[in-house]
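**Q** Below is a structure I'd like to ask you about.
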Amino acid sequence: MQRAIWSLTVCILPSQANHTEHHEGRHYSIPLEEVKAVFPHGLPYRFQQQVKTFNEACLMVRKPALELFTYLRNSNFAHPAVRYVIYGERGTGKTMTLCHVVHYCAKQGWLVLHIPDAHLWVKNCKELMQSSYKKERLDQPLQASTWLKNFKTSNEHFLKEIKTQQKYVWGKRESTEQGRPLGEVVEQGLARVRSASDAVGVVLKEIKQQCHLGSFRVLVAVDGVNALWGRTTLKKEDKSPVSPEELTLVYNLRKMMMNNWNGGAIVTTLSQTGSLFKPSSAYLPHELLGKEGFDALDPFVPVLVPNYSQREFESCYHYYLHRKWLQHEQARTEAGKEELRFLSGSNPQQLERLAGPL
Amino acid sequence: MCRRVLSKCSLNTSRLGAVPTALGSLSRCPTPLWVQTLSLTPSLTLPCPSSMPSPRVLSLSPESRAQRLPLRSPREGAAGRHDASPQPALLGAEQTQGPQPPLQHLHLHLHLPPPALPMPGAGQRHPRPPSWRRSAQARLRLCPPIVGTEAFPGPCCAEPGAAVMAAALRRLLRAGGRRGAALVAAAAACGPGPQTLRLIYTTTAAWKKNVAASGPEKYTEAFIKKQIEEFNLGKRHLANMMGEDPETFTQEDIDRAIAYLFPSGLFDKRARPMMKHPTEIFPEQRKIQWGEDGRPFHFLFYTGKQSYYSLMHDTYEKLLNVQKHQDQLAAQDLPPQKEKKNLVGSRWLTKTELEEMLLEKLSDDDYSRFIQLLQKLVMMPCGNIEENYIKKFSREISAQLQKVVIEPLKYDEQGVAFSTGEGRRKTSRATVAVYDNGTGKITVNGIDVLHYFPVLQDREQLLFPFQFLDRVGKHDMVCTVSGGGRSSQAGAIRLASAKALRSFVTEKEVEFMRQAGLLTVDPRVKERKKPGQEGARRKFTWKKR
C-alpha cells in the first residue's frame with residue numbers, strides 16, 4: 001500500500017520496503033489485517049488503543065531495530081542461534097522494537113515464536129496444577145492455552161508443514177502419532193486444557209529439533225525474558241513459593257533459550273515494568289536478569305534502546321500532528337514542541353502520555 | 001511557665017540568694033555575686049505611690065515614700081512575674097538605710113510577654129490552656145524557675161501579646177493606689193544560696209475598692225532614671241555573660257544576645273523577648289503642667305492643646321520672619337534667593353510622629369493645618385533661612401528599591417558561559433548552574449530529571465522559567481537540592497534557575513520575571529500547631545456534651 005510522503009521526517013513507508021538507515025526516523029504502516037495475523041498478542045496495550053483510534057498501525061523505524069535487521073540478515077544459520085537482548089530505560093520502546101523485528105521476520109517467512117510477556121507466566125496464575133508429565137512441575141493451563149491460540153493464528157501455515165517426530169501420549173485415550181502435523185498437537189492442547197502446558201512443551205521441542213534442517217527459520221521472540229530467571233509470586237498449596245523452574249512453561253522456554261540449536265535467532269527484551277521484586281531504576285541486563293539469568297543467556301548481544309533523538313522526536317511529533325492527535329493550538333507551535341520535548345524528556349512513553357490529553 | 005521573681009526584699013538579707021533564673025545552671029556553680037543577683041524580671045522597681053494619689057499626679061515627693069504601701073500585682077499572670085516590693089517590715093528597714101544600698105539588685109530589663117501558662121512544675125509534660133481564673137496562690141505555688149533552667153528552654157510565653165512590661169507596669173500603677181498585699185516574692189534559689197523570703201501572694205479580689213480608673217499610666221522621672229540605670233547595668237552584665245567587652249556593647253549586640261539566650265519561634269517580632277533602652281519602651285510622658293500654686297506654666301495651657309498651638313505660633317513667627325526678610329531684600333532690590341530645598345527625598349512627619357513629638361493628641365484637621373503651614377513656609381522664596389527649623393519636621397525617605405545585583409556570566413573551561421543561582425522553598429535548598437549552548441538536559445543530584453521527578457507537575461515547575469523566557473531547549477542545567485519534599489524541591493530549583501537566568505537576560509525581562517513571581521521567595525511555610533487544637537487550624541471534634 002502506498003502512502004503519500006508528507007515530509008522528510010514524516011514518511012509513511014510501504015511496509016514491504018526493506019528498511020535501511022536512511023529510513024531512520026520515519027514511520028511505516030502495517031496493514032490492519034497483517035496486524036491481526038502477525039500480532040495476535042504482541043503489541044503493547046496502549047499501542048493497540050492507538051491503532052484502534054488512528055485506524056492504522058504505524059511503527060517508527062529506529063536504529064536498534066535496523067541494527068537487529070543487519071545482524072539477522074548477516075547471521076549464519078549454521079551456527080548456533082545468537083541471542084539478542086534488547087534493554088533500555090522504561091518507556092524507550094523495547095517492546096516496539098521487538099514487534100518490529102517480529103513483523104520483519106514474519107514478512108520474511110520465518111516461524112515466529114512470540115511470547116508477549118513472560119512475566120504473565122510467573123505471576124497472577126489462578127490455576128496451578130501439578131504436571132502429569134513430571135511430578136515436581138506445575139502446569140498453567142490458562143496461560144498455555146491462550147498462548148497456543150495466538151500461536152495458531154500467527155503461524156497457521158507452519159503448523160501444517162511441521163510434522164511430529166515421535167509419538168506423544170496425552171492421556172489414557174489421547175495420543176498423537178508420529179508424523180502428524182503440529183497443528184494437531186496444538187488442537188490437542190486447546191481442546192484438552194489440562195495438557196496445554198505439555199502441548200506447548202511439545203511444540204517447542206519439535207521446532208527446536210527440526211529447525212536445523214533448514215526448511216524454515218525460527219525466531220524466538222520473548223518479551224520480559226528476565227521473568228524466566230527471577231522469582232515468582234506464585235505459591236503452592238502449602239504456601240511455599242514456587243521457583244520458575246518448577247513451572248512447565250518456563251522450563252520449556254528456558255530450554256528454547258539455550259543456544260544449542262541452530263537455524264534461527266533469539267531476540268529477547270528485558271522489562272522492568274512487569275518484573276517482580278526488582279527496583280524501578282534497574283534496567284541493565286545484569287540487574288534485571290540476576291546472576292542465574294545472566295549466566296544462562298551469556299553470551300548475548302546487547303542492544304540498547306535510547307530515548308528519542310532530535311530527529312526521532314520531531315518525527316513522532318509530526319506524526320501526531322499529521323494524525324490530528326494534538327488538538328491544542330499551542331501544541332502546534334514551535335514553543336509547544338519545545339515544551340513537549342522538555343516535559344517528556346524525549347521519552348517515547350512520556351511523550352505519548354503527554355500527547356494524549358492535548 | 002511562670003518565672004520566679006527575685007524578691008525585692010532580698011536586697012538586704014538574701015541578696016546572695018537572689019535567683020539567677022535565666023542562668024539556670026550557672027547559678028549552681030559557685031555563683032559570683034553579679035550572677036546571682038541577675039534576674040530576668042522586668043525591673044518594676046516602682047516607688048510605691050502614696051495612698052490614693054490623684055489620678056494625674058504621681059507622688060514624687062519623698063514624704064510619700066514614707067507612706068509607701070506595698071504594691072499589688074495585677075491579677076492576671078502576675079504570679080511570679082513581678083519584682084516584689086519589699087515587705088512592710090523590710091521596707092522600713094530599707095528606708096532607714098537611706099538611699100539605695102550599695103549592692104544593687106540588678107535586673108536585666110528583659111521584657112517578656114506575660115506568660116500565659118503557669119506551668120506546674122517540670123514534671124508535667126503537656127501544657128494546660130491558660131486559665132486566668134486560677135488563683136494566684138495556686139499559680140505561684142506551681143511556679144518553676146524561669147527560662148533556661150528547665151525542660152523548657154524557650155521563652156516562657158505561650159501567647160504572643162503585649163510584649164512590654166509596661167503593660168504590667170500600667171496595671172501595677174493602676175493598682176498602686178489601692179491597698180494590696182505584697183507582691184510575689186522571688187522563688188527560692190535554685191543554687192546553694194541562702195534562704196530567701198517568700199511571700200505568698202493572696203488574691204486581690206479581697207482588696208478591690210471602687211476606685212475610678214486613673215488615666216494612662218504615668219512614670220515618674222525618678223522611675224525612668226532608675227530604669228535607665230538598671231538597663232545600663234544589665235547591659236554590662238549581659239556583655240559579661242556573652243564574653244564581650246561591656247564598653248563596646250551596642251544595641252545590636254544586645255539584640256543578638258537576647259535572641260541567642262531566648263530563642264523564640266514566634267512570627268511577630270514584637271512578641272519576642274527584647275531588651276531595649278527604657279526611653280524606647282516607656283513612652284514619653286508629659287511633666288506636670290502647673291506649679292504648686294496651681295498656676296499653669298505655659299501661657300496657652302487653657303487652650304487645651306498647648307504644644308500644638310505653641311508650635312503653630314512658632315511656625316507662623318518663622319513665616320513672618322521670612323516675609324520680613326523677603327521684604328528687606330525686595331527693598332534693597334536684591335533678587336530673592338532661589339535655592340530651593342529639595343523636597344524630593346523627604347517627607348513630612350506623620351500624624352503619629354507629630355503626636356509623639358508634642359506629647360499631645362492631635363486631630364486630623366490640626367495636623368493638616370500644620371503641614372500646610374510648613375509647606376507654605378518652604379514654598380516661600382527665602383524659606384531657606386528657616387531650614388534648620390523645617391528640618392525638625394521632615395524625614396528622609398530611604399531608597400525604596402534596593403538594587404539587586406545581577407551577577408555577570410562566568411565561563412568554564414570549555415568557554416561555555418554559565419551562571420549559578422540559589423533558591424529555597426519551605427525547607428528545601430537548591431543550587432543550580434545553568435549552562436549556555438545546551439540541549440535542555442537537566443541533571444538533579446546526578447540523576448536525570450525524568451527519574452528524579454517522575455511527576456509531571458514537578459517538571460512543569462522546572463520548565464516555567466525557561467518557557468517564560470522562550471529559552472526552553474537552549475540551556476543545560478546541573479542542580480543540587482536537599483531537604484523538603486518533591487514539590488518543594490521543584491519549587492526551590494525553579495527559583496534558583498530563575499535567579500541564574502537573570503544573568504543571561506536583559507533587564508526588562510528580569511523585570512518581567514519579577515512581576516511574574518519567578519524571582520520571589522515563596523514565604524509559605526508550615527504553620528505551627530497550636531495547643532488546644534489538633535493542628536494549625538483544625539480544632540478538636542466538638543462534642544455537645
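The numbers here are math on the coordinates, done by the rules we state, and not lab data. Please read all numbers here as calculations on a predicted model, not as lab measurements. A quick note on method: Cβ atoms are made from the backbone with ideal geometry, for glycine too, and the neighbour counts reach across all protein chains shown.
**Q** Report the paramagnetic label zone for B:K526: residues of the range B:470-512 whose backbone N is under 20 Å from a point 7 Å from Cα along the Cα-to-Cβ axis.
**A** B:481-493
**Q** May I pose another question? Only loop residues by DSSP count here, and only those with at most 10 other Cβ atoms within 10 Å; note down the trypsin sites (Lys or Arg not before Pro) in the range A:128-202 that meet that.
**A** Answer in residue order: A:K135, A:K172, A:R173.
**Q** Right, another one. Between A:Q130 and B:E407, what is the FRET efficiency for a Förster distance of 51 Å, r being their Cβ-Cβ separation, to the nearest 0.05?
**A** Efficiency for this residue pair is about 0.10.
**Q** Between A:S280 and B:K209, what is the label-point separation in nm under the 7 Å Cα-to-beta-carbon projection?
**A** That separation, rounded to one decimal, is 7.8 nm.
**Q** Let me know the charge dipole size of the range B:353-494 about its Cα centre in debye, to the nearest 20, where only the beta-carbon of Lys, Arg (+1) and Asp, Glu (-1) is charged.
**A** Once rounded to the nearest 20, the dipole reads 540 debye.
**Q** Search the structure for amide H atoms under 5 Å from the amide H of A:A57, placed 1.01 Å from N in the peptide plane, and list their residues when 5 or more places away or on another chain.
**A** Amide H neighbours of A:A57, under 5 Å, 5+ apart: A:I30.
**Q** Loop-only GluC sites (Glu not before Pro) in the range B:430-528, please: DSSP not H, G, I, E or B, and at most 12 other Cβ atoms within 10 Å.
**A** In loop regions of the range B:430-528 (DSSP not H, G, I, E or B), the sparsely surrounded GluC sites (Glu not before Pro) are B:E527.
**Q** Kindly provide the helix-only [θ] at 222 nm of chain A, computed as the sum of -39,500 (n - 2.57) over DSSP H runs of four or more divided by all residues, to the nearest 500 deg cm²/dmol?
**A** Result for chain A: -12500 deg cm²/dmol, rounded to the nearest 500.
**Q** Charges at C-beta only: +1 for Lys and Arg, -1 for Asp and Glu. How large is the resulting dipole of chain A about its Cα centre, in Debye rounded to 20?
**A** 660
**Q** Moving to a separate point now. Take the cross-link list A:K94/B:K410; A:K63/A:K337; A:K63/B:K474; A:K239/A:K291; A:K94/A:K152; B:K225/B:K530 and give me the ones stretching past 30 Å between alpha-carbons.
**A** Flagged as over cut-off: A:K94/B:K410; B:K225/B:K530.
**Q** Running a GNM on chain A with Cα contacts under 10 Å, which residue among A:G189, A:G179, A:G224 ends up with the highest mean-square fluctuation?
**A** Maximum among the listed residues: A:G179.
**Q** Got a sec? Charge dipole of chain A, +1 on Cβ for Lys and Arg, -1 for Asp and Glu; which of A:V102, A:V218, A:N76 is way out at the positive end?
**A** Checking the options against the dipole of chain A, the answer is A:V218.
**Q** Pop the C-beta distance of B:R295 and B:I385 into the FRET formula with R0 = 30 Å and round what comes out to the nearest 0.05.
**A** 0.25
**Q** Based only on Cα atoms, what mean projected area does the convex hull of the range A:132-251 have, in nm²?
**A** The number I arrive at for the range A:132-251 is 8.0 nm².
**Q** Another question, then. Could you give the semi-axes, largest first, of the ellipsoid that matches the range A:204-358, computed as the square roots of 5 times the alpha carbon gyration tensor eigenvalues and rounded to whole Å?
**A** Semi-axes (√(5λ), whole Å): 39, 22, 14.
**Q** If you don't mind, another one. Under a Cβ-only charge scheme (Lys and Arg +1, Asp and Glu -1), can you give me the dipole magnitude of the range A:199-336 about the Cα centre, in debye to the nearest 20?
**A** That gives a dipole near 280 debye.
**Q** Determine the distance separating the Cα centre of the range A:103-177 from the Cα centre of the range A:36-56; give it in Å without decimals.
**A** Cα centres, the range A:103-177 to the range A:36-56: 23 Å.
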